[in-house]
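Taken together, the values in this text are just the output of simple stated rules run on the coordinates, not laboratory data. Values in this document were obtained by computation on a predicted structure and should not be read as measured data. Neighbour counts are summed over all protein chains in view; Cβ atoms, including those assigned to glycine, are modelled from backbone coordinates with ideal geometry.
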Amino acid sequence: MATILTVDDTASMRQMISFTLHSVGHEVIQASDGQEALKVIEGKKVDLVIADINMPNMDGITLLKSLRALADYKFTPILMLTTESQDAKRQQGKVAGATGWIVKPFNPEQLLNVVKKVLG
Amino acid sequence: MAIDMRQFHQTFFEESFEGLTVMEAELLRLERTASANGHDTVSADPEILNTIFRSAHSIKGGSSTFGFSDVAAFAHVLESRLDALRDGRSLPDRRVVGLLLLAVDCLRSLIIAAKTGKQSDQGAIEAVRLQFEKLGSESAALPVTGKTSTQPRASATTHWRILFRPNPKMFHTGNDPLRIFRELSGLGKMKTTVDISGLPSWEQLNPEECYLSWNSELVGSVAREAIADVFSWVLDDCRLEIISNTMPVPTLSQRSVAEAVASIDAHTDTLRVSVPKVDALINTVGELVITQTMLSQLTANFTFDNLSKLFAGLEQLERNTRELQESVMRIRMLPLSFAFNRLPRLVHDMSQKLDKKVDLIISGEQTEIDKTVIDRLIDPLLHLVRNSLDHGIEPPAERIAAGKPQTGTIELKAYQKSGNVIIEIRDDGRGLRHDRIFDKAVEQGLIPADAKLSPDEIYELIFLPGFSTAVTVSDISGRGVGMDVVRSNIHSLGGNVEITSQAGQGTCFIVRLPLTLAILDGLSLQVGTHTYILPLVSIVESVRIVPDQVSRPAGGVELYGLRKEYLPLLRLSDLFHVMPRSTDLTQGLLVIVEADGKKAGLYVDDLLGQQQVVIKSLETHYRKVDGISAATILGDGTVAMILDVTGLIRMAHAGATRLTPASHGRIQDTGRHTGNMTPTIN
């Protein structure tokens, strides 16, 4: 199955996402902000990145730009976690190279549907 | 796929409470910047606002995901306001910051309600929400009750034609037409043709760009929205036409309301441990395994030539065990900031109520202490700080008159010192007035009017149960209500409180606490055939008894004269009804112990040595016994009692009170000699 990086500053969201993805057999790497994400994927290639936007140290948009600048992550699907009220952020994300987004709140089923959409 | 979301609730609650603490601290920081520039408006550091916003945002996201809709709705109100502040659409002033602080309280009570399944105070929350609306928070009235899910109504079989021409840069967002077609084909029967007319010549072709476009036909009972949804991520990156042969049936979107199912899970206490601590633990276990392997190899073919190696191995085992013990204990250690975090808010609220100006300076909050201690330390700490603020710090006018800066200072300092954690609460207020405390104590009949007391003894009066309750706050410059409770709380943690004070200069409370409640540094003593453990902290010294110095005044209690001081002498053998090795006082030793500023001498047969013991509660296994605080199991498997020094001294003095007020006198030259005492090993 696929290797998925999930980046979120809230532990409960990370737990929920990785538990859900684990349950269908994906391998999950976790990071609590953009900086940590860049560190944990160093020298690694993942199949999908799911990242929150609002995070300390390095936010999701900056992470997105940094990932797209890496040869290994030029075309990797990267999904942003957004809320309905964040249209402007979504636009910023698109410009920075986001593949798509997952609207919060979402349940495990919705998450798996979106992941399936991206990974097949 | 059914995943029980309740398993994530505990983490969500914990991080939400942490988030609220962060919000509170940052809001107070915001307000301080306002006080600093003397204006009502707050100079908003964008990073502070961002941090506050992030916490509110995370709580909102989490609560809506985990189904706590009323928490989410309120967090949304807060978030919108913060967003407006962050974007500069509105400016933070003290009133807004005050309101945001109230909102943090509301959010906390909502989360507590969600956690415990109890009702929160709807009235108070609604009141705060209305105030936000008054502020003109545009979206305050719009609660998020859940996700709008589009449920396309099944329409009649429709024939769709879809033209899809991506921008050349589409791949750069990680999107792939293949994925889109895969999803599209799931909606119905699909036929697609590729238009390659956009392909450039080979030399000009950039493999990272997309030159193709597609023409698809889709047959199925599928709504336009469902098709558009497939393309939703790339809508801005392509030309898309969805053309229908039949008129689509209008679809309705239904708002699904997320159900808030408050978890009524039994409260499970969890501990968050930093990874380096766990790493250290694993590391030590690794060392232990190596040592164990070495020892078993050594003993498998043991010859006496290897005896020194065996000893070396055992030494290593001892070291490993000690390290393991330390690592495990460290897991329970939390930084004191967990307790200190509550104080800035308290000082803020109280100083406003009392019209006083106070700076709270906190240092050493990274000092770590056992979690149990932290939990039980919060109340006494709040009490002490409240006292400093209420009784110590003077109103601004009085301070100016006394030639002090208008703003008072309360300093909270924590540090580690020889196996203890010390917390100092120091204010630069008016200090304790000995005469008033003395008069008050006389008035209340706690001491005779002609008593001669040293400053330390006068401070002791503050901790007497009867003392404070009768004192009204405005009546005396001393400390107020319930200091006896503070002290007994700290005593129950195995610590103590001391006071130093200088009239007009301020007061300092010094709280001394053990690092942990699970392990005790003790001295083992022998009485008859029994071993007892005496907490090392309470030992002053031990002396050989000079028979001349023992007196037995009328009343039966033996007193021992030690450097002009008479101490009650307590024979442990009598107290615990064991047969001593000898009743002749010169055959044993006198251990001088001290607690709460009082001393006593314990007569024992012998001192065995200093050792760390693991504390086992006696009350859970047996019942409470006077003079004994707990039990432990020794290396040879026998059970030893740990002596309760405070209790023993009380018992000793109860017998001796009638005799000598002079025995309370303090001596200046006694140091703690336990460090260089040479134990005799039996």
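Check A:Met58: other-chain or 5+ apart residues with amide H under 5 Å from its amide H, H built from backbone geometry?
Here A:Gly34, A:Gln35 satisfy the definition.
What order, most packed first, do the peptides B:288-301, B:520-533 have when packing is the mean number of other Cβ atoms within 10 Å of each residue?
Packing proxy ranking, top to bottom: B:520-533, B:288-301.
What number does segment B:1-126 give for Rg over Rh if you use C-alpha atoms and the Kirkwood radius?
The Rg/Rh ratio comes out at 1.02.
Please work out the Kirkwood hydrodynamic radius for segment B:59-104, using every pair of different C-alpha atoms, and report it in angstroms with one decimal place.
The Cα-based Kirkwood calculation yields 11.2 Å.
Run a plain Debye calculation on segment B:156-248 (Cα atoms as equal point scatterers, no solvent) and give log10 I(q)/I(0) at q = 0.20 Å⁻¹, rounded to two decimals, same order as the q list.
Results for segment B:156-248 at q = 0.20 Å⁻¹ read -0.95.
How large is the dipole of segment A:3-119 about the Cα centre if only Lys and Arg carry +1 and Asp and Glu carry -1, each at its Cβ, rounded to the nearest 20 debye?
Here segment A:3-119 has a charge dipole of around 360 debye.
Would you mind getting the Kirkwood hydrodynamic radius of the protein assembly as shown from its Cα pairs, rounded to one decimal in Å?
Value: 32.4 Å, from the Cα pair sum.
Can you tell me which of A:41-49, B:578-586 comes out highest on packing, and rank the rest after it, using the mean Cβ neighbours within 10 Å?
Per-residue mean Cβ counts within 10 Å order the peptides as A:41-49, B:578-586.
Other chains near A:93-101: what is the mean number of their Cβ atoms within 10 Å of each residue's Cβ?
Average neighbour count from other chains, rounded to a whole number: 4.
Let's see if you can work this out: charge +1 on each Lys and Arg Cβ, -1 on each Asp and Glu Cβ, no other charges. What is the dipole magnitude of the protein assembly as shown about its Cα centre, in debye to the nearest 20?
I would put it at about 860 debye.
Which percentage, to the nearest 5, of the DSSP beta bridges contained in the protein assembly as shown is antiparallel?
If I count the DSSP bridges inside the protein assembly as shown, around 75 percent turn out antiparallel.
Set Lys and Arg Cβ to +1 and Asp and Glu Cβ to -1, take the dipole of segment B:335-514 about its Cα centre, and tell me which of B:Ile490, B:Gln366, B:Leu381 lies farthest positive.
So the residue furthest toward the plus end is B:Gln366.
Taking the mean number of other Cβ atoms within 10 Å as a proxy for protection, how do you rank B:188-194, B:176-182 from highest to lowest?
Packing proxy ranking, top to bottom: B:176-182, B:188-194.
Evaluate the Debye formula for segment A:3-119 with equal point scatterers sitting on the alpha carbons, no solvent, and hand back log10 of I(q)/I(0) at q = 0.10, 0.17, 0.20, 0.22 Å⁻¹, in q order, two decimals.
For segment A:3-119, the Cα-only Debye profile gives -0.24, -0.75, -1.08, -1.36.
Hey, rough spin-label estimate for B:Lys118 and B:Leu212, points 7 angstrom out along Cα→Cβ, what's it come to in nanometres?
6.4 nm
Within 10 Å of each Cβ of B:171-179, how many other protein chain Cβ atoms are there on average?
The mean count of partner-chain Cβ atoms within 10 Å per residue comes to 6.
Looking at A:Pro108, A:Pro56, A:Ile78, which one has the Cα that reaches farthest to the positive end of the dipole of segment A:3-119 (charges on Cβ: Lys, Arg +1; Asp, Glu -1)?
A:Ile78
Quick check on my link table: of B:Lys452/B:Lys599; B:Lys309/B:Lys616; B:Lys277/B:Lys371; A:Lys45/A:Lys74; A:Lys74/A:Lys104, which ones sit more than 23 Å apart, alpha carbon to alpha carbon?
B:Lys309/B:Lys616; A:Lys74/A:Lys104
Subtracting the Cα-Cα distance from 0.36 nm times the residue separation, let me have the gained length for B:Thr583 to B:Glu318 in nm, one decimal.
91.6 nm
Roughly how many Å is it from the Cα centre of segment B:157-193 to that of segment B:496-558, as a whole number?
82 Å
Out of the trypsin sites (Lys or Arg not before Pro) in segment B:434-463, which ones are loop residues according to DSSP with at most 12 other C-beta atoms within 10 Å?
B:Lys452
In nm², what is the average projected area of the convex hull enclosing the Cα atoms of segment B:276-331?
About 3.4 nm², averaged over all directions.
Starting from the Cα gyration tensor of segment B:317-463, multiply each eigenvalue by 5, take the square root, and state the resulting semi-axes largest first in whole Å.
35, 23, 12
Per residue of segment B:357-364, in order, report the coupling 6.51 cos²θ - 1.76 cosθ + 1.60 (Karplus, θ = phi - 60°) as ³J(HN,Hα) in whole Hz, putting x for Gly and Pro.
These are the phi-based 3J(HN,Hα) values: 10, 9, 9, 9, 10, 10, 9, x Hz.
To the nearest whole number, what is the average tally of beta carbon atoms from other chains within 10 Å of the beta carbons of peptide A:15-27?
What the average comes to for A:15-27 is 2.
Given Cβ point charges of +1 (Lys, Arg) and -1 (Asp, Glu) and nothing else, what value in debye, to the nearest 20, does the dipole of segment B:529-578 about its Cα centre take?
Once rounded to the nearest 20, the dipole reads 60 debye.
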